[in-house]
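Trainee: Once you've had a glance at the structure underneath, I'll fire off some questions.
The values are calculated or read from the model by the stated rules, or taken from the named source; none is laboratory data. Since this is a predicted model, take the numbers as computed values, not measurements. Here the Cβ positions follow ideal geometry from the backbone for every residue, glycine too, while neighbour counts run over all protein chains shown.
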Amino acid sequence: MYWTEQTTSETYRITDDVVDVVFAISCRCLPVDHAQALREGLQRALPWLAAEEGAGIHPLHGAESGNGWMRPDNPDDLLYLSRRTKLVLRLPKQRVADAGVLSGREIEIMGNRLAVGASSIRPLSPITTIFSRYVVMGGPGDEQVFVADIVRQLGEMGIRPKKMLCGMEKAIATPQGGLRARSLMLADLSVDESVRLQQRGLGPERQLGCGLFIPHKDVDEVRGTER
């Protein structure tokens, strides 16, 4: 954990240079570790996606543990998706129209049918507590090494973190081998820092869902994702 105290107030106008394109989907279930297959399926449907620098694919998640359901630990176990689950792509605004061709398409993900429905545009958030489910670890090391590396990367972006909380190490399968990643929460950023980090992301593999930040309101909820 990395934690210092500072209180600020500010007004900030969020540009639409980068937005989330949110698609309704119909898909009963997917294997827990489906990120690589989802990326490949979307790149087949959107041939420009692979070369689009900064484009990201948010992770798909099922029911929350607060309803008595626990996310499986085995990557081959099935993750059951609710009707509220959305497919979300983080894209530069010039690609929003291009992504619209996904609506009405079906994508096969590891033998499972994912039907894509209507889309909507969601702007980035001014909330100054943000969370990423997966941030790729730069190399072997414990939590302190990971935190030090994150502080370095953020410093290179002109972001000075005041509060950080990272989760347990998890693996993401790729053709080149497993990626090591941790969840990461950042709190008490400035609005400018929060939006900048949402726009740019952190670390590699955005299209595997890594380094993409979303608004988060409660530190206890972040801790809850580790149970």
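Trainee: Does ILE25 qualify as being in a strand (DSSP E or B) and modelled with pLDDT of 60 or more?
Mentor: Values: in a strand (DSSP E or B): yes; modelled with pLDDT of 60 or more: yes.
The answer is yes for ILE25.
Trainee: Okay, moving on. Is one or more of the residues making up the range 127-134 among the basic types (Lys, Arg), at negative phi and surrounded by fewer than 18 Cβ atoms within 10 Å (Cβ to Cβ)?
Mentor: Initially, the range 127-134 is screened for residues among the basic types (Lys, Arg), giving 133.
From what is left, the residues that are at negative phi are 133.
Going one step further and asking which of them are surrounded by fewer than 18 Cβ atoms within 10 Å (Cβ to Cβ), we end up with none.
Among the residues of the range 127-134, not one is among the basic types (Lys, Arg), at negative phi and surrounded by fewer than 18 Cβ atoms within 10 Å (Cβ to Cβ), which makes the answer no.
Trainee: What is the one condition in (1) modelled with pLDDT of 90 or more; (2) more than 22 Å from ARG122 (Cα to Cα); (3) not β-branched (Val, Ile, Thr) that PRO140 does not satisfy?
Mentor: (1) is the only condition that PRO140 fails.
Trainee: What's the number of the only condition in (1) assigned by TED's automatic domain parsing to the domain that holds SER26; (2) under 19 Å from GLY54 (Cα atoms); (3) touching a residue at least 24 places away in the same chain (Cβ under 8 Å) that ALA97 fails to meet?
Mentor: That leaves (3) as the condition not met.
Trainee: Yes or no: SER120 polar (S, T, N, Q) and either part of a loop (DSSP other than H, G, I, E, B) or within 26 Å of MET164 (Cα to Cα) (or both)? I'd like the intermediate steps shown before the answer.
Mentor: Details: polar (S, T, N, Q): yes; either part of a loop (DSSP other than H, G, I, E, B) or within 26 Å of MET164 (Cα to Cα) (or both): no.
In short, no.
Trainee: In the range 137-151, what residues are part of a loop (DSSP other than H, G, I, E, B) and charged (D, E, K, R)? Break it down into steps so the answer makes sense when it comes.
Mentor: To start, the set of residues in the range 137-151 that are part of a loop (DSSP other than H, G, I, E, B) comprises 137-142.
ASP142 - this is the single residue of the range 137-151 that is part of a loop (DSSP other than H, G, I, E, B) and charged (D, E, K, R).
Trainee: Can you report the number of residues in the range 188-202 which are crowded, with 20+ Cβ neighbours inside 10 Å and either touching a strand residue (DSSP E or B) at 6+ places or on another chain (Cβ under 8 Å) or assigned by TED's automatic domain parsing to the domain that holds ILE57 (or both)? Walk me through how you get there before you give the answer.
Mentor: Our first condition is that a residue be crowded, with 20+ Cβ neighbours inside 10 Å; within the range 188-202, this holds for 189, 193-195, 197-198, 201-202.
Filter once more, keeping what is either touching a strand residue (DSSP E or B) at 6+ places or on another chain (Cβ under 8 Å) or assigned by TED's automatic domain parsing to the domain that holds ILE57 (or both): 189, 194, 197-198, 201-202.
Total meeting the criteria: 6.
Trainee: I would also like to ask the following. Do the conditions hold for PRO175, that is, is it modelled with pLDDT under 90, closer than 25 Å to LEU87 by Cβ and not hydrophobic (A, V, I, L, M, F, W, C)?
Mentor: Working: modelled with pLDDT under 90: yes; closer than 25 Å to LEU87 by Cβ: yes; not hydrophobic (A, V, I, L, M, F, W, C): yes.
So PRO175 passes the test.
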